[in-house]
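So the structure is just underneath, and the comments pick up after that.
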Amino acid sequence: MVEFIAVIADPKTGKCYQSQISGHHANSLIGKKIGDEFDGIFVNLPGYKLVVTGGTDKAGFAMRHNAEGGRLREVLTAESTGFRSRSRHKNKHKPLRHEVGLRKRVNVRGNAISPEISQINMCISSHGSKPIDDLLKEKEA
């Protein structure tokens, strides 16, 4: 049985919500790609439209929009999704001279949702009639 954690971003309020997806709703998300829009019923948000913006697999590798398929790949990349150089952390505005143009081979996951994915990042593209707080009640400890 496939299970995902959905992280849903609300651009109106700037808040993020988490939801557990399992069963036939999770199976219907397999094969969707980054940028695909789908109905919110799969994440208990009827009337909402959501867009897949990314995710990570069970080992923590990020999904990348330009890597086709759902498998793990090695790509040569400059600073972008899946790779941040050391100079960025030390001084955000001015990279070190010897690291300008630095590229690295990194492992990334493809852009399609597969059973190896554990977290899916989504953004709300159109809101429904009910508020999102009522539909996704946070469990209080």
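Numbers below:
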{"read-out": "Pick from region 86-106, criterion within 23 Å of the chain's Cα centre (by Cα) and either of a type in the set (D, E, K, R) or at pLDDT 90 or above (or both), ranking: surrounded by the fewest Cβ atoms within 10 Å (Cβ to Cβ)", "value": "105"}
{"read-out": "Meets criteria (among the small types (Gly, Ala, Ser), buried (at least 17 other Cβ atoms within 10 Å of the Cβ) and at pLDDT 85 or above) for residue 55", "value": "yes"}
{"read-out": "Strands (runs of 3 or more DSSP E) contained in region 7-77 and holding at least 1 residues farther than 29 Å from residue 106 by Cα", "value": "15-22, 37-39, 49-57"}
{"read-out": "Positions within region 12-42 being under 15 Å from residue 131 (Cβ atoms), more than 14 Å from the chain's Cα centre (by Cα) and buried (at least 17 other Cβ atoms within 10 Å of the Cβ), in sequence order", "value": "40"}
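The values are calculated or read from the model by the stated rules, or taken from the named source; none is laboratory data. All values reported here derive from a predicted model rather than from experimental measurement. Reconstructed Cβ throughout: ideal geometry from the backbone, glycine too, with neighbour counts over all protein chains shown.
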